[in-house]
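Notes follow once the structure below has been shown.
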Amino acid sequence: MDSKSSTPVVALRQVRKAFNVGTPIETEILHGIDLTLERGEFCAVMGPSGSGKSTLLNIVGLLDRPTSGSLSVTGQESTELDDAALTRLRGHTIGFVFQYHHLLSAFTAVENVMMPMMGAAGFQTREMRERAAGLLESVGLAKWIDQPAGRLSGGQQQRVAVARALAMNPALLLADEPTGNLDTKSADEVFDLLRRFNREHGTAVLFVTHNAELATRCDRLIEVVDGRVTGRTTV
């Protein structure tokens, strides 16, 4: 095994996150989190509302900075990077799928999927459109690539969001309740898409969910309670 393949996608060491630091109302949300996610792993994150799951996901996704501790992504220590370097690392390494798809409704499906590639390059190419169209075909939306996103069903929109998250071929995909607003059939379809890309491309997935049945279909379950990782279970 080469050194690149043996490097964890994510490694958190004693990560703490507090808000209103230095004031009388300082509140610590995460309390010394240790967590490692290996390449190709598909991990569920569960915990009650207010447990710190979203804060943890924001830090792993480089959307927020920890108050203390270390966080490396694909072997690169992130806590000392400036905002521009963080943005580059996030854009080239991490894909996001949220509970609400956050598509631009007036733009077509293929234009939405192209957005991360255009943002990284600063311009549009035919190759970008071809890759976006290929991703949409792989999620079963070949017939709808030129359909405005606002005219697609909820399940179709979330599949577009999955394709967009994979546009930059990220090492890590963060999914925050991506099936929470979907019916059972659509939720299964979206989960199966994430699982398929995980297995075919080795994309590591951190999947936040309240759905215990879906969690049992992941490789590992991470439980977060009151800002602490209280359990790691191999499913």
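The values are calculated or read from the model by the stated rules, or taken from the named source; none is laboratory data. Note that the structure is a prediction, hence the values are computed from the model and not measured. For neighbour counting, all protein chains shown are included, and Cβ atoms are generated from backbone atoms with ideal geometry for every residue, glycine included.
Of all residue pairs spaced 6 or more apart or on separate chains, those with beta-carbon atoms under 7 Å, a first member in region 28-43 that is touching a residue at least 24 places away in the same chain (Cβ under 8 Å) and a second member that is surrounded by fewer than 21 Cβ atoms within 10 Å (Cβ to Cβ) and of a type in the set (Phe, Trp, Tyr) are ILE29/PHE19. From the set of residues in region 40-84 that are buried (at least 17 other Cβ atoms within 10 Å of the Cβ) and among the charged types (D, E, K, R), which is nearest to ARG217 (Cα to Cα)? Among them, the one singled out is GLU41. Checking each residue in region 191-209 for being touching a residue at least 60 places away in the same chain (Cβ under 8 Å), under 20 Å from SER54 (Cα atoms) and out of contact with any Asp or Glu (no Cβ under 7 Å at 6 or more places or on another chain) picks out LEU194, VAL205, LEU206, PHE207.
Counting the residues of region 145-161 that are part of a loop (DSSP other than H, G, I, E, B), under 21 Å from ALA175 (Cα atoms) and not aliphatic (A, V, I, L, M) gives 1. Going through region 32-51 one residue at a time, which ones are among the hydroxyl-bearing types (Ser, Thr, Tyr) and either in a strand (DSSP E or B) or touching a Leu at 6+ places or on another chain (Cβ under 9 Å) (or both)? If the condition is that a residue be among the hydroxyl-bearing types (Ser, Thr, Tyr) and either in a strand (DSSP E or B) or touching a Leu at 6+ places or on another chain (Cβ under 9 Å) (or both), then THR36 is the only one that fits.
Restricting region 134-166 to residues that are surrounded by 20 or more Cβ atoms within 10 Å (Cβ to Cβ) and basic (Lys, Arg), the residue that is modelled with the highest pLDDT is ARG164.
From the list ALA187, ALA149, ALA167, ALA175, which residue is of a type in the set (Gly, Ala, Ser), closer than 22 Å to ALA44 by Cβ and in contact (Cβ under 8 Å) with a residue 40 or more places away in the chain? Explain how you work it out, then say what you get.
Values: ALA187 fails: in contact (Cβ under 8 Å) with a residue 40 or more places away in the chain; ALA149 fails: closer than 22 Å to ALA44 by Cβ; ALA167 fails: closer than 22 Å to ALA44 by Cβ.
Residue meeting the stated conditions: ALA175.
Of all the numbered requirements in (1) in a loop (DSSP other than H, G, I, E, B); (2) surrounded by fewer than 21 Cβ atoms within 10 Å (Cβ to Cβ), ARG131 misses one, and that requirement is (1).
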